[in-house]
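The structure under discussion appears below in the form of C-alpha cells.
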Amino acid sequence: MGKLPAHCQSAFYHLLLSLPATILYCRCAYAQVVPTGVKNEVLQKLCDSNASFETVSDLCEMAAHRDPRLQAIAACGKLRIAACYPRAVKGLFQQAGFPLPADTEILNMRTQTAQEIADALLSAAPATVA
Amino acid sequence: MITHTHRPLRVVLYEGNGSIQLPAESRAKVMMALLDKGYTVTRSSLGAPAMPHDERNLLVLGAFEGKAPALEDATGKITIDTCDITGLEPDAIVALVDKSRGEKTMNEPGKWKPWFPVIDYSRCTNCMQCLSFCLFDVYGVSDDNKIQVQNNDNCKTNCPACSRVCPEVAIMFPKYQAGPINGDEINEHEAGREKIKVDISSLLGGDIYSALKDRSAAAKSRFSKERSPDKALDERKKCLTKLVGDGFIPADVLASLPSTEEILKKAEIAKARAAAALAAQ
C-alpha cells in the first residue's frame, strides 16, 4: 500500500484526534477495594450521559484467565479506563498478553473523586492521568 | 472455585435507532445488577462509535416495545440474540440474561477472589528472587528466560509475601488494600528498602514458614535453636520479624503450607530453576 500524501496524513491525524476515546469502566466486583460510593457514582454519571461505554465486572478476574475481551479492548485505539491504580491496570493487561497503548488514560477510583473521573472520561480533551 | 472458561456472552444494552432510551436511573440499576453478577456489558447509544468487538455471542437488550429485531452476524461467526426489556425491572432483566446464558459456566463475584501477583516489568530486573521465594510454584520462567507469573491458581489468597521481598518493589497485588503492593506509586523510601539481593530460599531454608505455621512456644524454641551465627542469620531474623510483625501471612495460608521436608525440597528446585534462568541470560 502506498504512502498517503502529506495533506491526507494530516487530515487523517486530525480525524483520529477527533474520534472519541473508548470508555471502559471496571466494577471491581470480585473484591471491595474500590469505594462503593465512588464506583456507583461514576457508573451513574456515565449512564446519565449519552456516551457509549464498555463495562467489565472485574479486570483482575479477566486477566487471571487471559480473557480475549482484554485483547479487543487493548486494540481499540484511544482508551480511557476507570479502574484503580494505573500501574496495576497496565500490569494486568501486560500480564494477560495484551499490553495497553502507551497513551491510554487511566483514572483511579481508589483515590480520585467520582466527579473528577466522570469529567475526565467524558471530556473531549485528553484526560489528566492519575 | 474459578473456571477458566471465558464469558459465554457479551451483553449489549442497546439504545440506538429502533429502541427507546431507558431512564438514566433504570439504566444504571440494570448495569450494576449485571456487573455485580459477573457479566460484561456494553452500553450502545445513538450515534456513538462502535465498541471493540470479539468473537463471543451477543445478547442485545433493548426497549424495542415488543418488536425485538432478528439479527444475524454478517460473518456468520457469532450468534446474536435480541431481547425486549420494555417495562422490565432490573431483577427481571438479570433473570432474562441468566436464562439466555443457560448452563454455560461463568465466574461470579463472591465465589472467588482474583488474587495473584502482577509484575511491573518497568521495575523488574529479572533477579528471580520471587521465583526462589515462592514455594507454591506461582512463578516460572519464559522461553526467553524472563520471570513470569505462570500459575495464578497456586497463589494463596491474601498472601502478598513475594511482593514484600521483591527488592525492586515490582510485584503488585491489585486487590491488596495498601500501597505500594496494590499498585500505588512508589516513593523513594520504599524504592530504597531491601536493595540487597539475597538468596531467599537458602536464607530461609523453609524455617520461616514452619515457624509461622506453628507459633507455639515449642516451635519458637526449636526455631531459635536452629539459628546459626553466620551473616544469613541477621537477614533471616530481619525477614521473620517483618513477616510476623506485619502479620501479612494469613492463618489459612500457614495451615496449608507443606511439610518442612517438602519446603526444603521445593526451595532447592526453585533455587535451581532461578539459577539456570539467570545463567542463561
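For A:Lys90, indicate whether it is under 13 Å from the mean Cα position of the chain (by Cα) and surrounded by 21 or more Cβ atoms within 10 Å (Cβ to Cβ).
Yes, satisfied.
Before we move on, is A:Cys60 under 19 Å from B:Arg27 (Cβ atoms) and without any contact (Cβ under 8 Å) to a residue 60 or more places away in the chain?
It is false that A:Cys60 is under 19 Å from B:Arg27 (Cβ atoms) and without any contact (Cβ under 8 Å) to a residue 60 or more places away in the chain.
Just checking, which of B:Ser122, B:Ser100, B:Ser132 is assigned to a loop (DSSP other than H, G, I, E, B) and either in the same structural domain as B:Leu264 (by TED's automatic domain parsing) or farther than 21 Å from B:Val169 by Cα (or both)?
B:Ser122
Among the numbered criteria (1) under 22 Å from B:Leu278 (Cα atoms); (2) without any contact (Cβ under 8 Å) to a residue 60 or more places away in the chain; (3) more than 9 Å from chain A (Cβ to nearest Cβ), which single criterion is violated by B:Val149?
(3)
When you go through (1) in contact with a helix residue (DSSP H, G or I) (Cβ under 9 Å, 6 or more places away or on another chain); (2) hydroxyl-bearing (Ser, Thr, Tyr); (3) assigned by TED's automatic domain parsing to the domain that holds B:Gly18 one by one for B:Thr75, which number turns out not to apply?
(1)
Give me the pairs, please: first residue somewhere in the range B:45-58 and within 7 Å of another protein chain (Cβ to nearest Cβ) and modelled with pLDDT under 65, second residue anywhere and surrounded by fewer than 17 Cβ atoms within 10 Å (Cβ to Cβ) and outside any loop (DSSP other than H, G, I, E, B), beta-carbon distance under 8 Å, and either six or more positions apart or on two chains.
none
Go through (1) modelled with pLDDT of 85 or more; (2) closer than 28 Å to A:Cys84 by Cβ; (3) more than 25 Å from the chain's Cα centre (by Cα) for B:Gly87 and report which single condition fails.
(2)
Assuming A:Arg66 fulfils every condition listed in (1) part of a helix (DSSP H, G or I); (2) out of contact with any Asp or Glu (no Cβ under 6 Å at 6 or more places or on another chain); (3) modelled with pLDDT under 95 apart from one, which condition is it?
(1)
Looking only at the range B:133-146, count how many residues are touching a strand residue (DSSP E or B) at 6+ places or on another chain (Cβ under 9 Å) and away from chain A (no Cβ under 14 Å).
Count: 2.
Identify the residue in the range B:72-86 that is surrounded by 13 or more Cβ atoms within 10 Å (Cβ to Cβ) and aliphatic (A, V, I, L, M) and, among all such residues, is nearest to B:Ala24 (Cα to Cα).
Only one residue tops the list, namely B:Ile85.
Quickly run through the range B:99-113 and pick out the residues that are closer than 25 Å to B:Leu58 by Cβ, within 14 Å of chain A (Cβ to nearest Cβ) and either surrounded by 16 or more Cβ atoms within 10 Å (Cβ to Cβ) or modelled with pLDDT of 95 or more (or both).
B:Arg101, B:Met106, B:Asn107, B:Glu108, B:Pro109, listed by residue number.
Determine, yes or no, whether A:Cys76 is assigned to a loop (DSSP other than H, G, I, E, B) and at the interface with chain B (Cβ under 7 Å from one of its Cβ atoms).
Answer is yes for this residue.
Mind checking whether some residue in the range B:118-131 is crowded, with 17+ Cβ neighbours inside 10 Å, touching a Phe, Trp or Tyr at 6+ places or on another chain (Cβ under 7 Å) and more than 14 Å from chain A (Cβ to nearest Cβ)?
Yes - at least one qualifying residue is present in the range B:118-131.
Tell me which of these A:Ser57 doesn't satisfy, since it passes every other one: (1) within 8 Å of another protein chain (Cβ to nearest Cβ); (2) on the phi > 0 side of the Ramachandran plot.
Condition (2) is where A:Ser57 drops out.
All but one of (1) farther than 21 Å from B:Ser44 by Cβ; (2) modelled with pLDDT of 95 or more; (3) within 10 Å of chain B (Cβ to nearest Cβ) hold for A:Thr104, so report the exception by its number.
For A:Thr104, the failing item is (3).
Might you check whether a residue that is basic (Lys, Arg), assigned to a loop (DSSP other than H, G, I, E, B), more than 8 Å from chain B (Cβ to nearest Cβ) and under 27 Å from B:Ile171 (Cα atoms) occurs anywhere in the range A:34-44?
Of the range A:34-44, the ones basic (Lys, Arg) are A:39.
Those left that are additionally assigned to a loop (DSSP other than H, G, I, E, B): none.
Scanning the range A:34-44 turns up no residue that is basic (Lys, Arg), assigned to a loop (DSSP other than H, G, I, E, B), more than 8 Å from chain B (Cβ to nearest Cβ) and under 27 Å from B:Ile171 (Cα atoms).
Would you mind stating whether A:Arg69 is farther than 20 Å from B:Pro180 by Cα and within 11 Å of chain B (Cβ to nearest Cβ)? First the steps, then the outcome.
On the way: farther than 20 Å from B:Pro180 by Cα: yes; within 11 Å of chain B (Cβ to nearest Cβ): yes.
When the stated conditions are applied, A:Arg69 passes them.
Among the residues of the range B:116-146, how many are of a type in the set (A, V, I, L, M, F, W, C) and at pLDDT 95 or above?
The qualifying residues number 4.
Can you name every residue in the range B:74-84 that is under 34 Å from the mean Cα position of the chain (by Cα) and of a type outside the set (Lys, Arg)?
Result: B:Ile78, B:Thr79, B:Ile80, B:Asp81, B:Thr82, B:Cys83.
The values are calculated or read from the model by the stated rules, or taken from the named source; none is laboratory data. These numbers were taken from a predicted model, which means no experiment stands behind them. Please note: Cβ atoms are built from the backbone with ideal geometry, for glycine as well, and neighbour counts cover all protein chains shown.
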